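For reference, the structure is listed below as structure tokens.
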Amino acid sequence: MPTGVPVTLQTFAMALCGYVLGWKKGTSSTLIYILLGTVGVPVFAGMTGGPSWLAGYSGGFIWGLIFLTMLCGVGMAQKQIWLRVLLGLAGLAVCHLLGVIQFAIVAATPFPAAFVSVPYIVKDVISVVGAYLVAIPIRKALAAGNILEEKTKAAV
């Protein structure tokens, strides 16, 4: 993209991680993902890695993935479907807020202009909802195979 912030499926992958693994394991796996990318393993956009990603235009979005995964995982502990999705969308809102703030700072752009110049919200809302829909059969399959922990089975 012209803004320097790439289009990826990270939001889908991290939301799915939270919805399937729950907030503790999901957040831990997101932290490991960020750590791997930071030390140079090519897991970020364009098969790249390195600490420059965390300080660049899209670094705030990467940090925000922690909150996205955490809130998707917290959502799966809720009984109401709407609350599960709403918490995932709240995590997405935090992710975008952190991303836009860092983009505005790094690009020396006013916040409203930065918010408009990073137009990924529609794709990311679809990603979070899609991740929830994909997570349901995955969780059912894991529960059927006795792979999910007992406490987590109730949230299927």
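Within the assembled protein chains, the solvent-accessible surface assigned to residue 109 is about 40 Å², based on a 1.4 Å probe. Placing R0 at 25 angstrom, the Cβ-Cβ distance between residue 113 and residue 7 gives a FRET efficiency of 0.80 after rounding to 0.05. Residue 146 to residue 36: FRET efficiency via 1/(1 + (r/R0)^6), r the Cβ-Cβ distance, R0 35 Å, to the nearest 0.05? With R0 = 35 Å, the Cβ-Cβ based efficiency is 0.75.
Working note: Karplus 6.51/-1.76/1.60 with θ = phi - 60° gives segment 94-106 the couplings 5, 4, 5, 4, 4, x, 5, 4, 5, 4, 4, 5, 5 Hz, where Gly and Pro are set to x. Based on protein heavy atoms only, the chain ends up with 51 Å² per residue of surface accessible to a 1.4 Å probe.
Need one word for segment 22-114: rounded, prolate or oblate. Basis is the Cα gyration tensor (sqrt eigenvalues a ≥ b ≥ c); a/c below 1.5 gives rounded, then a/b vs b/c decides. Because a/c hits 1.5 or more and a/b fails to exceed b/c, segment 22-114 counts as oblate.
If you plug the beta carbon distance of residue 133 and residue 28 into 1/(1 + (r/R0)^6) with R0 = 25 Å, you get a FRET efficiency near 0.60. The mean sequence separation of alpha-carbon pairs under 8 Å and at least six residues apart, normalised by the residue count of the chain, gives a relative contact order of 27 percent. Among 49-58, 122-131, 84-93, sorting by the average number of other beta carbon atoms lying within 10 angstrom of each residue, highest first, gives 84-93, 122-131, 49-58. Note on residue 55 and residue 82: the extension gain reaches 6.2 nm, defined as 0.36 nm multiplied by sequence separation minus the Cα-Cα distance.
Dipole of the chain computed with +1 at Lys/Arg Cβ and -1 at Asp/Glu Cβ about the Cα centre; of 141, 44, 63, farthest Cα towards the positive end is 141.
For the chain, the number of Lys pairs with C-alpha atoms closer than 23 Å, counting only pairs eight or more positions apart or on separate chains, is 13.
Per-atom-type breakdown for segment 81-136 gives carbon and sulfur 88% of the accessible area (1.4 Å probe, protein chains only). Under the classification rounded if a/c is under 1.5, otherwise prolate if a/b is larger than b/c and oblate if not, where does segment 82-128 fall, given a ≥ b ≥ c as square roots of the Cα gyration tensor eigenvalues? It comes out prolate by the Cα gyration axes.
The values are calculated or read from the model by the stated rules, or taken from the named source; none is laboratory data. These figures come from a predicted structure and were not determined experimentally. We place every Cβ from the backbone using ideal geometry, glycine too, and count neighbours over all the protein chains shown. The protein model used for the area step is the full one, side chains on, heavy atoms only, and it has no ligands, DNA or RNA in it. Shrake-Rupley method; radii C 1.70, N 1.55, O 1.52, S 1.80 Å.
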